[in-house]
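The values are calculated or read from the model by the stated rules, or taken from the named source; none is laboratory data. The model shown is predicted, which means the values in this text are computed figures rather than measured ones. For neighbour counting, all protein chains shown are included, and Cβ atoms are generated from backbone atoms with ideal geometry for every residue, glycine included. The accessibility values were calculated without ligands, DNA or RNA, using every heavy atom of the protein model including side chains. Shrake-Rupley method; radii C 1.70, N 1.55, O 1.52, S 1.80 Å.
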Amino acid sequence: MLRWAKGAGVDNAGLAELRRRLDDEAACCGIDRLRIAAARPDAVARERLAAAFERGDLATWHFDGERARMAADPEAVLPGARAVVCVAVGYDTEPPAARSPLTGRISRYAWSEDYHRTLRRALERLEALLRPFGRARAVCDTVPFAERAFAERSGLGWVGRHTGVIVPGLGALAFLGEIVTDIPLPPDEPIRKSCGSCRRCVDVCPTGALRGDFTIDATRCIGDLNQRLDAIPRAMRPLMGDWVWGCDLCTVACPPSHVAPKIGRPAFSPAPGISPYPALAAILRLRSGEFKRTYRASAMGWRGGAILRRNAAVCLGNTLDRSVVPDLEGAFAEDPHALVRGHAAWALGRIGSPRALRALAARLPLERDAGVRDEIDAALAGNHLRS
């Protein structure tokens with residue numbers, strides 16, 4: 001029986017028993033790894049985050065120095081914090097081998113029900129176990145928190161050159177979650193591993209987002225580009241390739257991910273109606289009702305259908321396949337969102353066939369949105385320079 005002196009907290013034997021219970025409960029609710037870090041502020045993490053924000057690495061998200069301070073201090077999450085319970089859940093699921101032409105790619109993390117929900121349910125079970133003995137608050141992208149720094153401190157894994165946490169036995173494809181508590185659970189030791197001289201993640205990144213010094217310019221990361229709410233910078237669009245949502249290139253290239261077994265959990269398999277390789281023309285025609293039915297419960301649901309259609313337009317342009325021009329023409333003329341029409345105009349210009357250029361020229365006097373007209377002008381000018 002767990003020994004607990006009311007008003008005095010849990011004694012050492014009780015803390016050891018509570019840790020065993022946490023491990024058992026974690027295994028029961030699908031958590032692959034659980035480690036504990038001391039809840040002292042992490043000055044190194046604060047400085048690194050502040051430097052990243054100052055460089056503009058996360059300019060899309062408008063983070064500042066105050067967020068860096070809060071993220072590095074568990075007491076900002078829970079005053080009186082003594083420990084951080086860090087967990088990892090592997091999600092690497094093998095995609096189907098067969099792939100049709102003119103399809104895009106969706107990152108592994110977004111195929112299924114939104115992982116925040118899946119992980120939150122598991123964390124809530126651990127919270128319930130802790131709360132009779134102290135205060136506890138789960139963290140799963142809900143508040144500023146330097147989860148990678150505390151995961152590394154706990155021994156859950158180490159931060160790789162791609163800036164993600166590499167978990168032994170799971171690789172770089174693992175969801176992270178934390179519980180901050182005022183229960184003085186004994187911390188685990190960090191592991192002594194590193195990337196050494198390996199640069200595979202840096203070499204595979206098509207946009208140069210990874211600098212190789214364990215920092216990332218997220219404004220160049222494909223996974224950030226196809227989630228932003230405004231126009232994707234024109235120079236970056238060709239580099240996005242066929243990624244409709246997210247990007248797995250650096251995490252899949254990571255050698256520890258190669259040797260880690262595929263998880264194969266039903267919770268992380270593609271949800272009904274979601275294909276890892278969606279037909280791009282079908283995404284381009286997606287409207288609100290179908291989007292909500294198919295994608296709202298996934299990690300793609302929070303940005304809305306217009307963002308997926310914009311991304312599909314870019315991917316279709318990158319195919320350079322003239323057969324997709326009618327699909328782009330339809331979006332160019334009929335989509336209610338200027339963001340989608342503008343990117344369809346870019347895609348038509350990238351393909352640059354006679355029919356595509358005629359569609360651009362015909363639409364220019366009819367288009368009322370200044371941003372879309374600018375995209376048309378740029379597409380026509382670009383093709384004039386190439387001819």
Ala333 farther than 26 Å from Gly223 by Cβ, among the hydrophobic types (A, V, I, L, M, F, W, C) and surrounded by 14 or more Cβ atoms within 10 Å (Cβ to Cβ)
yes
Of the residues in segment 66-77, those that are in a loop (DSSP other than H, G, I, E, B) and surrounded by fewer than 13 Cβ atoms within 10 Å (Cβ to Cβ) number 0
For segment 38-49: of the residues being of a type in the set (A, V, I, L, M) and more than 21 Å from Asp224 (Cβ to Cβ), which is least open to solvent (accessible area, probe 1.4 Å)?
Ala39
Residues in segment 253-289 that are in a helix (DSSP H, G or I), within 22 Å of Cys201 (Cβ to Cβ) and open to solvent by 50 Å² or more (accessible area, probe 1.4 Å) total 2
Exclusive hit being under 27 Å from Glu189 (Cα atoms) and either open to solvent by less than 30 Å² (accessible area, probe 1.4 Å) or among the polar types (S, T, N, Q) (or both), set Gly30, Gly80, Gly104
Gly30
The condition of being open to solvent by 20 Å² or more (accessible area, probe 1.4 Å) and in contact with a helix residue (DSSP H, G or I) (Cβ under 6 Å, 6 or more places away or on another chain) holds, among Cys205, Cys195, only for Cys205
Taking only segment 336-355 into account, find how many residues are open to solvent by 10 Å² or more (accessible area, probe 1.4 Å) and either touching a residue at least 60 places away in the same chain (Cβ under 8 Å) or of a type in the set (Ser, Thr, Tyr) (or both).
3
Just need a number here: residues in segment 241-285 that are basic (Lys, Arg) and out of contact with any helix residue (DSSP H, G or I) (no Cβ under 8 Å at 6 or more places or on another chain).
2
Name the residues in segment 64-78 that are in contact (Cβ under 8 Å) with a residue 12 or more places away in the chain and not aliphatic (A, V, I, L, M), would you?
Gly65, Arg67, Arg69, Asp73, Pro74, Glu75
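Quick grid of which residues meet (1) open to solvent by 70 Å² or more (accessible area, probe 1.4 Å); (2) of a type in the set (Gly, Ala, Ser):
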{"residue": "Glu17", "(1), (2)": "no, no"}
{"residue": "Ile36", "(1), (2)": "no, no"}
{"residue": "Ala51", "(1), (2)": "no, yes"}
{"residue": "Asp64", "(1), (2)": "yes, no"}
{"residue": "Pro96", "(1), (2)": "no, no"}
{"residue": "Arg99", "(1), (2)": "yes, no"}
Between residues in segment 142-154 that are touching a residue at least 12 places away in the same chain (Cβ under 8 Å) and residues that are open to solvent by less than 20 Å² (accessible area, probe 1.4 Å) and assigned to a helix (DSSP H, G or I), which pairs lie under 6 Å by C-beta distance while being six or more apart or on different chains?
Pro144/Ala71; Phe145/Ala71; Ala146/Ala45; Ala146/Ala71; Ala149/Ala45
Lone unmet requirement of (1) among the small types (Gly, Ala, Ser); (2) surrounded by fewer than 18 Cβ atoms within 10 Å (Cβ to Cβ); (3) touching a residue at least 12 places away in the same chain (Cβ under 8 Å) for Ala306
(2)
Looking at Leu156, Leu129, Leu176, Leu185, which one is assigned to a helix (DSSP H, G or I) and either modelled with pLDDT of 95 or more or farther than 25 Å from Met240 by Cα (or both)?
Leu129
Got a sec? Which of Gly169, Gly164 is crowded, with 19+ Cβ neighbours inside 10 Å, within 23 Å of the chain's Cα centre (by Cα) and under 19 Å from Val259 (Cβ atoms)?
Gly164
Looking at (1) within 16 Å of Ser107 (Cα to Cα); (2) of a type in the set (Ser, Thr, Tyr); (3) open to solvent by 10 Å² or more (accessible area, probe 1.4 Å), which one does Ser298 not meet, given that it meets all the others?
(3)
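Matching residues to (1) without any contact (Cβ under 8 Å) to a residue 40 or more places away in the chain; (2) within 17 Å of the chain's Cα centre (by Cα); (3) closer than 20 Å to Arg199 by Cα:
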| residue | (1), (2), (3) |
| --- | --- |
| Asp217 | no, yes, yes |
| Leu225 | yes, yes, no |
| Ala231 | no, no, no |
| Ala235 | yes, no, no |
| Leu239 | yes, no, yes |
| Val244 | no, yes, no |
| Lys262 | no, no, no |
| Arg265 | no, no, no |
| Pro270 | no, yes, no |
Among the residues listed as Asp217, Asp242, the single one being modelled with pLDDT of 95 or more, under 18 Å from Ala110 (Cα atoms) and out of contact with any His (no Cβ under 8 Å at 6 or more places or on another chain)
Asp242
How many residues of segment 6-55 are without any contact (Cβ under 8 Å) to a residue 40 or more places away in the chain, aliphatic (A, V, I, L, M) and not in a helix (DSSP H, G or I)? The answer is 1
